[in-house]
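Single-structure report; data block below.
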Amino acid sequence: MFEDEYKTIEKKSEGLFKDKGSKFIAHAIPCLTEVQVKEELALLRKEYYDARHHCYAYILGFDKSAFRMNDDGEPSGTAGKPIHGQLLSHDLTNILVVVIRYFGGTKLGVRGLINAYKYATLDAIENNEIITKIIKEEYLLTFDYVDMNDVMRIMKEENLEQVGQDFQMTCTLNFAIRKKNADRVVKRFNDLRKLEVKYVRTY
């Protein structure tokens, strides 16, 4: 996998696993922020208010820098970890998986629980579509109106995505570019006279 690509899921999906009367309902949800994770968890807790456990794991960020696992009352390591393990084995990020358990009256044991949370998660992922996204960087250009032609020529030659503009006497223009091409294109702009290039964000 290239350093400027990552895999995630396209949409929300569900999975199901049953064992000895217990029912494990998995929800796979695309998420970009921890605020979004909390909102989705709150919605599921409200919808499945009568369930015994709402276990989950998430990975966020194109660099997978934010992640968490939660057993929600199940024995340590039997729920959040196997959910997280499926996210890792499918190389996914920007994803939340919540597995809701309805207890069927018979204890499954540690191995049974690990399997249940693993296969419920797997079912939700397999009912989705894994997509590859490109990591982009956004930059802000500030330049004089007289330099407009030079700027627009580079924009066209490099096929850059324009995401904002304000053309007055002093002009500003925001563009997005694939991460692996950013250094080369930024150098081209820096070589122009009287032009400022400012990094905005990576997404």
Matching residues, the range 168-194, being among the aromatic types (Phe, Trp, Tyr) and assigned to a helix (DSSP H, G or I): Phe189
The range 40-66: number of residues that are under 13 Å from His27 (Cβ atoms) and either among the acidic types (Asp, Glu) or not assigned by TED's automatic domain parsing to the domain that holds Ile125 (or both): 2
Criterion (free of Cβ contacts under 8 Å to residues at least 12 places away in the same chain, surrounded by fewer than 15 Cβ atoms within 10 Å (Cβ to Cβ) and outside any loop (DSSP other than H, G, I, E, B)) met by exactly one of Met148, Met152: Met152
Residue in the range 112-145 that is surrounded by the most Cβ atoms within 10 Å (Cβ to Cβ), counting only those that are among the polar types (S, T, N, Q) and outside any strand (DSSP E or B): Thr121
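Residues checked against (1) modelled with pLDDT of 95 or more; (2) under 22 Å from Glu137 (Cβ atoms); (3) under 11 Å from the mean Cα position of the chain (by Cα):
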{"residue": "Glu3", "(1), (2), (3)": "no, yes, no"}
{"residue": "Gly15", "(1), (2), (3)": "yes, no, no"}
{"residue": "Lys18", "(1), (2), (3)": "yes, no, no"}
{"residue": "Glu40", "(1), (2), (3)": "yes, no, no"}
{"residue": "Tyr49", "(1), (2), (3)": "yes, no, no"}
{"residue": "Ser65", "(1), (2), (3)": "no, yes, yes"}
Checking Thr202 against (1) without any contact (Cβ under 8 Å) to a residue 60 or more places away in the chain; (2) hydroxyl-bearing (Ser, Thr, Tyr); (3) touching a helix residue (DSSP H, G or I) at 6+ places or on another chain (Cβ under 9 Å), the condition it does not meet: (1)
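Kindly check whether there is at least one residue in the range 157-167 that is within 14 Å of Arg193 (Cβ to Cβ), in the same structural domain as Val197 (by TED's automatic domain parsing) and in a strand (DSSP E or B).
Of all residues in the range 157-167, those within 14 Å of Arg193 (Cβ to Cβ) come to none.
Within the range 157-167 (the criterion being within 14 Å of Arg193 (Cβ to Cβ), in the same structural domain as Val197 (by TED's automatic domain parsing) and in a strand (DSSP E or B)), the answer is no, since none of the residues qualifies.
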Residues that are under 12 Å from Ile59 (Cα atoms) and not hydrophobic (A, V, I, L, M, F, W, C), drawn from the range 91-127: Asp91, Thr93, Asn94
Odd one out for Tyr58, checked against (1) of a type in the set (Ser, Thr, Tyr); (2) part of a strand (DSSP E or B); (3) more than 25 Å from Thr132 (Cβ to Cβ): (3)
Extreme residue, nearest to the chain's Cα centre (by Cα), among residues of the range 51-63 that are within 17 Å of Ala120 (Cα to Cα) and aliphatic (A, V, I, L, M): Ala57
Residue within the range 29-37 that is within 11 Å of Val98 (Cβ to Cβ), part of a strand (DSSP E or B) and modelled with pLDDT of 95 or more present: yes
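The values are calculated or read from the model by the stated rules, or taken from the named source; none is laboratory data. Being a predicted model, the structure only gives us computed values, none of them experimental. Ideal geometry is used to build each Cβ from the backbone, glycine not excepted, and the neighbour counts take in all protein chains shown.
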